[in-house]
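The values are calculated or read from the model by the stated rules, or taken from the named source; none is laboratory data. Note that the coordinates shown come from a computational prediction; the quantities given were computed from them, not determined experimentally. Cβ placement follows ideal geometry from the backbone for every residue including glycine, while neighbour counts extend to all protein chains displayed. Accessible surface areas use protein heavy atoms only, side chains included; no ligands, DNA or RNA. Shrake-Rupley method; radii C 1.70, N 1.55, O 1.52, S 1.80 Å.
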Amino acid sequence: MTDEDNRTINKRVLFLTADALGQGDETLGKLLMKNYLFAVTEDAAYKKPEVVLLINRGVLLAVEGAPTSQQLAQLAAGGTAILACGTCLDYYQVKDKLAAGEASNI
């Protein structure tokens, strides 16, 4: 295996498919997601991801007014690629409200 292969294999990727963590109460799930992204952004114990992929309701994490868009923008400013599914943004009619990252063809 080459050094280039190792760099590719060792990338940390977050794949977020929802705007809440877990099943059950939606308000609690959204709070848990916000706290998780805050920890990933602020806690030195977490290795920052190289890529965050957002699909389905996960794209709602990166739109204007979302309590998580600031954390995602901060990750992007630190070099993390934030890629939001363009089809999903269109479906939820929020493509023009993307506040962190960029629309992508996932």
Checklist outcome for this item: Only one of (1) part of a helix (DSSP H, G or I); (2) open to solvent by less than 40 Å² (accessible area, probe 1.4 Å) does not apply to residue 66, and that is (1)
Checklist entry - Could we say that residue 100 is open to solvent by less than 60 Å² (accessible area, probe 1.4 Å), at pLDDT 95 or above, under 19 Å from residue 13 (Cα atoms) and out of contact with any helix residue (DSSP H, G or I) (no Cβ under 8 Å at 6 or more places or on another chain) here? => result no
Item to check | Long-range neighbours under 8 Å by Cβ, at least six apart or interchain, first residue among the charged types (D, E, K, R) within segment 70-99, second open to solvent by 70 Å² or more (accessible area, probe 1.4 Å) | outcome: 97/64; 97/65
Checklist entry - Cβ-Cβ below 9 Å, separation at least six or inter-chain, first residue in segment 33-56 and closer than 12 Å to residue 13 by Cβ and among the acidic types (Asp, Glu), second open to solvent by less than 80 Å² (accessible area, probe 1.4 Å) and at pLDDT 90 or above: which pairs? => result 50/13; 50/79; 50/80; 50/81
Checklist entry - Based on what the data block shows, is residue 80 out of contact with any Cys (no Cβ under 6 Å at 6 or more places or on another chain), modelled with pLDDT under 95, within 20 Å of residue 99 (Cβ to Cβ) and open to solvent by less than 60 Å² (accessible area, probe 1.4 Å)? => result no
Checklist outcome for this item: Note on residue 22: of the conditions (1) open to solvent by 60 Å² or more (accessible area, probe 1.4 Å); (2) in contact (Cβ under 8 Å) with a residue 40 or more places away in the chain; (3) not in a helix (DSSP H, G or I), unmet is (2)
Next on the checklist: Can you find a residue that is surrounded by 15 or more Cβ atoms within 10 Å (Cβ to Cβ) and within 12 Å of the chain's Cα centre (by Cα) anywhere in segment 84-94?
Outcome noted: yes
Checklist entry - Is there a residue being open to solvent by less than 80 Å² (accessible area, probe 1.4 Å), more than 19 Å from residue 100 (Cβ to Cβ) and part of a loop (DSSP other than H, G, I, E, B) anywhere in segment 25-42? => result no
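Looking only at residues that are open to solvent by less than 70 Å² (accessible area, probe 1.4 Å) and charged (D, E, K, R) in segment 43-63, which one is nearest to the chain's Cα centre (by Cα)?
For segment 43-63, the residue satisfying everything is 50.
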